[in-house]
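Engineer: My questions will all concern the structure given below.
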């Protein structure tokens with residue numbers, strides 16, 4: 001094989017192996033992530049056969065992280081973060097402190113140095129944003145309260161990681177460590193971060209959306225797609241090269257400033273294929289780094305470390321969620337999502353190796369534990385319904401088990417002063433996933449400030465829907481909720497094939513208080529979305545069954 005084609009060969013064979021692994025995992029009802037990791041292992045340097053260029057694949061994986069964080073930024077809302085800040089901010093800080101202490105204690109028990117213990121503790125305390133987003137999306141929990149809190153916490157942890165990477169060389173590097181040197185390094189990191197954030201929100205928020213809007217209006221689609229890629233990767237590169245920040249943070253902020261614009265939906269639609277492709281490359285590249293022989297030789301240490309990450313962190317995050325009044329349901333989601341480590345743990349471990357604090361065996365254990373926790377994390381989410389039922393079945397814990405109002409079916413309509421719309425099941429006696437028949441008379445109900453939230457649908461919303469009703473005489477609009485752990489959660493309308501299988505037509509969707517009248521067939525459905533379906537009673541019942 002020619003040396004100059006090794007990158008292309010690695011890329012192609014990694015995709016083939018990831019595809020084969022994903023199909024095999026699906027056939028035996030395992031999460032696709034497990035198949036992607038095994039596919040990467042198959043083409044890695046530690047298994048027989050083809051030996052891929054793991055360094056090049058790591059660079060491609062970095063692109064995957066950028067696209068995933070860009071997508072997260074597109075859907076990020078400061079209002080959402082404000083709504084959960086009382087749980088997310090102290091939860092992130094306390095989790096880092098407790099996780100670092102637990103990791104350091106384990107390292108000392110294994111005979112590591114204190115310095116190595118600090119590196120291990122920091123690596124254990126930082127979860128993978130990419131893995132969290134992937135698993136929340138796959139389970140349809142990304143729009144739930146627990147999903148928003150978990151995402152907000154990891155964004156805060158990512159910001160803290162930037163500071164950690166800057167401070168570690170000051171603390172563990174050559175030369176005398178002084179309080180002044182640490183303070184200067186910390187101040188420099190915070191100033192660079194603040195400067196970049198300020199530039200993005202003061203300048204980027206004006207320039208980037210305007211640029212993309214003009215390109216979308218006057219240029220062919222391929223140029224718009226290229227512009228989206230340039231914005232995501234270019235901003236990440238500027239953050240890394242100019243401000244010494246992480247690629248992930250730069251891409252995330254690019255997504256945030258674009259996500260607040262009117263063109264955000266189209267940008268999201270164009271970036272989804274790139275996110276999916278390079279996220280697979282990310283997981284395959286992680287699999288390539290695994291040395292099975294080394295892990296088998298250090299199996300007891302590996303198992304203890306995996307238990308700390310998956311069980312210890314679960315207990316810590318569950319306790320913090322309950323202590324900060326997140327509620328049992330949200331706390332279970334948070335604990336499941338954060339019981340893993342990933343890309344930033346690799347970065348902290350590599351920094352420790354570069355500083356001579358960690359040796360290759362210690363870093364290998366961190367790497368192996370990360371891969372195992374990533375592979376098993378999706379299984380933790382499958383335990384969530386069982387855990388919720390267990391908490392609900394214990395009267396002594398009943399006060400902790402909250403069915404929050406944010407998890408009920410609230411319909412809204414965004415735009416020029418229109419407010420909230422009716423709750424799908426206003427009474428507790430009505431099942432949350434039952435279809436809601438919205439009478440046309442409700443359109444005439446006055447929306448007064450004294451009315452309870454969720455009692456009225458704004459007349460402007462029904463004005464838009466009335467035109468659609470005219471095309472279907474005698475057929476009422478039914479609202480059907482997408483529930484957690486249902487077949488619909490995380491799937492698209494194209495994948496569900498609702499129209500062909502049931503005859504019902506999805507003409508509208510309520511999401512996060514917005515009324516969508518043009519539903520893209522490739523738009524993934526999220527928990528608490530409400531689909532407006534037109535059809536006969538038989539067709540609606542069939543659609544309900546399909547969506548469950």
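The values are calculated or read from the model by the stated rules, or taken from the named source; none is laboratory data. Here the structure is a predicted model, which means the values were calculated and not measured. Heads up, the Cβs are rebuilt from the backbone with ideal geometry, glycines too, and the neighbour counts pull from every protein chain shown.
Engineer: Looking for something under 16 Å from residue 532 (Cα atoms) and modelled with pLDDT of 75 or more - is there at least one such residue anywhere in segment 468-479?
Structural biologist: Scanning segment 468-479, I find at least one residue that is under 16 Å from residue 532 (Cα atoms) and modelled with pLDDT of 75 or more, so the answer is yes.
Engineer: A follow-up question, please. Can you tell me which residue is modelled with the lowest pLDDT among those in segment 480-501 that are closer than 18 Å to residue 538 by Cβ and surrounded by 22 or more Cβ atoms within 10 Å (Cβ to Cβ)?
Structural biologist: The residue in question is 498.
Engineer: Answer yes or no as to whether residue 223 is at pLDDT 90 or above and part of a helix (DSSP H, G or I).
Structural biologist: Working: at pLDDT 90 or above: yes; part of a helix (DSSP H, G or I): yes.
Yes, satisfied.
Engineer: Right, something else. Looking at 120, 94, which is the one that is at pLDDT 90 or above, part of a helix (DSSP H, G or I) and closer than 27 Å to residue 299 by Cβ?
Structural biologist: Values: 94 fails: closer than 27 Å to residue 299 by Cβ.
120 is the lone residue from the list that is at pLDDT 90 or above, part of a helix (DSSP H, G or I) and closer than 27 Å to residue 299 by Cβ.
Engineer: Give segment 504-540 a look and list any residue that's at pLDDT 75 or above, part of a loop (DSSP other than H, G, I, E, B) and either in contact with a strand residue (DSSP E or B) (Cβ under 9 Å, 6 or more places away or on another chain) or within 16 Å of residue 137 (Cβ to Cβ) (or both), or say none.
Structural biologist: Passing the criteria: 504, 524, 525, 526, 527, 528, 529, 535.
Engineer: Within segment 163-187, which residues are more than 21 Å from residue 235 (Cβ to Cβ), touching a helix residue (DSSP H, G or I) at 6+ places or on another chain (Cβ under 7 Å) and assigned to a helix (DSSP H, G or I)? Spell out how you get there, then give the answer.
Structural biologist: Taking segment 163-187 first, the residues more than 21 Å from residue 235 (Cβ to Cβ) are 164, 167-187.
This time we only want the ones that are touching a helix residue (DSSP H, G or I) at 6+ places or on another chain (Cβ under 7 Å), so: 164, 167-168, 170-172, 177, 181-182, 185-186.
Listed by number, the residues that qualify are 164, 167, 168, 170, 171, 172, 181, 182, 185, 186.
Engineer: Mind checking which residues of segment 17-73 are surrounded by fewer than 17 Cβ atoms within 10 Å (Cβ to Cβ) and at pLDDT 90 or above?
Structural biologist: Selection gives 19, 20, 23, 24.
Engineer: Oh, and also: Residues being within 20 Å of the chain's Cα centre (by Cα), surrounded by 20 or more Cβ atoms within 10 Å (Cβ to Cβ) and more than 28 Å from residue 174 (Cβ to Cβ): count how many of those fall in segment 76-125.
Structural biologist: 7
Engineer: Take segment 13-36 and flag every residue that is at negative phi and assigned to a loop (DSSP other than H, G, I, E, B). Write out each step before concluding.
Structural biologist: Of the residues in segment 13-36, the ones at negative phi are 13-28, 30-36.
The answer is 28, 30, 31.
Engineer: Given the condition assigned to a loop (DSSP other than H, G, I, E, B), crowded, with 23+ Cβ neighbours inside 10 Å and at pLDDT below 90, answer yes or no: does some residue in segment 367-390 qualify? Lay out the reasoning, then the answer.
Structural biologist: We begin by selecting, within segment 367-390, every residue assigned to a loop (DSSP other than H, G, I, E, B); these are 383.
Adding the requirement that they be crowded, with 23+ Cβ neighbours inside 10 Å leaves none.
No: segment 367-390 contains no residue that is assigned to a loop (DSSP other than H, G, I, E, B), crowded, with 23+ Cβ neighbours inside 10 Å and at pLDDT below 90.
Engineer: Still on this structure, please answer the following. Condition first: part of a helix (DSSP H, G or I) and without any contact (Cβ under 8 Å) to a residue 24 or more places away in the chain. Now tell me which residues in segment 40-77 satisfy that.
Structural biologist: If we filter segment 40-77 for residues that are part of a helix (DSSP H, G or I), which is where we start, we get 40-42, 54-74.
Scanning segment 40-77 gives 55, 59.
Engineer: Applying the selection to segment 315-353, what residues are in contact (Cβ under 8 Å) with a residue 12 or more places away in the chain, closer than 26 Å to residue 294 by Cβ and in a helix (DSSP H, G or I)?
Structural biologist: 343, 344, 345, 346, 347, 348, 349, 350, 351, 352
Engineer: Tell me yes or no: at least one residue of segment 180-194 is buried (at least 19 other Cβ atoms within 10 Å of the Cβ) and farther than 30 Å from residue 548 by Cβ.
Structural biologist: Residues of segment 180-194 that are buried (at least 19 other Cβ atoms within 10 Å of the Cβ), as a first pass: 189, 193.
Filter once more, so that each one left must be farther than 30 Å from residue 548 by Cβ: 189, 193.
Yes, some residue in segment 180-194 is buried (at least 19 other Cβ atoms within 10 Å of the Cβ) and farther than 30 Å from residue 548 by Cβ.
Engineer: Spot the failing condition for residue 231; the list is (1) within 27 Å of the chain's Cα centre (by Cα); (2) closer than 29 Å to residue 341 by Cβ, and only one is missed.
Structural biologist: (2)
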